[in-house]
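Below: the structure, in structure tokens.
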Amino acid sequence: MAINKKIVTLKQLIRIVNKLKKQNKQIITTNGVFDILHLGHVKYLENAKKLGDVLIVGVNTDSSVKQNKGDKRPINEQKSRVGVLAALGCVDYVFLFNEKDPRNWLSKIKPNIHVKSTDYKLNEIIEKTTVEKNKGKVILSSMIKGHSTTNIINKILKLYKKQ
């Protein structure tokens, strides 16, 4: 599928998901900032895709990233972040959401499985109640240790500070 066909609005996505569910497709969702895409992200998304038929990635808008992570983030603006994610073969659809957390759109999409990284503890995941209320489940997927956007930013700062 062409990259530009993978990037959709929530309204478009709801229609797409309804059609896919009628075809008994297993809908997998995940969400995040995906600011500086790295191997940890890619492996995480590939593992999420293996759990079902269609992987949908909700991406925080620039303004919601600032709410969650502060004024210095994101490094890459939202258009770039969704474009890079849409280029991955394991990702079927990408959309932007402006809320601080994904509960609103999860209640509309009603995924079969919502994936979060093992950075979280299952009982701390705020989406869990919303997903389970709609007969879905939350699954934790491990990340590759040492790969994080924060680590990359710190490495860059350290390297360029020496100059």
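The values are calculated or read from the model by the stated rules, or taken from the named source; none is laboratory data. Worth saying up front: this structure is predicted, and the values here are computed from it rather than measured. Cβ sites come from the backbone with ideal geometry, for glycine too, and all protein chains shown count toward neighbours. Accessible surface is based on the protein model in full, side chains and every heavy atom, while ligands, DNA and RNA are left aside. Shrake-Rupley method; radii C 1.70, N 1.55, O 1.52, S 1.80 Å.
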Name all residues of the stretch 4-25 having a backbone nitrogen under 16 Å from the label point set 7 Å from the Cα of Lys108 along its Cα→Cβ direction, giving them as ranges. 7-19
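Can you give the extra length, in nm with one decimal, that the chain gains between Lys22 and Asn68 once fully stretched, where that is 0.36 nm per residue apart less the Cα-Cα distance?
Numbers: separation 46, 0.36 × 46 = 16.56 nm, distance 3.55 nm.
Net length gain for the segment: 13.0 nm.
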Derived scalar couplings ³J(HN,Hα) [the stretch 76-89; Karplus, 6.51 cos²θ - 1.76 cosθ + 1.60; whole Hz; x for Gly, Pro]: 9, 6, 4, 4, 5, 5, 6, x, 5, 4, 5, 6, 6, x
As computed over the chain, the Cα convex hull volume per residue (Å³): 114
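Can you work out the accessible area per residue across the stretch 1-151, with the rest of the protein chains kept in place, probe 1.4 Å, in square angstrom? List each step's numbers first, then the result.
Numbers: 8040 Å² over 151 residues.
Roughly 53 Å² per residue, with all protein chains present.
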Output needed: percent of Cα pairs per 5 Å distance bin for the stretch 49-92, bins running from 0 to the one holding the longest distance. 5, 22, 25, 18, 13, 13, 4, 0
Using a 10 Å Cβ count of at most 16 others and DSSP loop calls, identify the longest part of the chain lacking such trypsin sites (Lys or Arg not before Pro). 73-99
Roughly how tilted is helix 149-161, in degrees to the nearest 10 and between 0 and 90, from the longest Cα axis of the chain? 20
Taking the convex hull of the alpha-carbon atoms of the stretch 1-50 and averaging its shadow over every direction gives an area in square nanometres of 4.3
Tilt of helix 39-49 relative to the longest C-alpha principal axis of the chain, in degrees (0 to 90, nearest 10)? 0
The stretch 87-163: chymotrypsin sites (Phe, Trp or Tyr not before Pro) in DSSP loop, at most 14 other beta carbons within 10 Å: Tyr120
Applied in sequence order to the stretch 2-10, the curve 6.51 cos²θ - 1.76 cosθ + 1.60 (Karplus, θ = phi - 60°) yields integer Hz couplings, x standing for Gly and Pro, of 5, 3, 5, 7, 7, 8, 10, 8, 4
Say each of Thr129 and Lys161 gets a label point 7 Å from the Cα, pointing the same way as Cα to Cβ; how far apart are those two points in nm? 4.1
Taking all protein chains as present, what is the carbon and sulfur share of the accessible area of the stretch 44-163, in % to the nearest whole number, probe 1.4 Å? 50
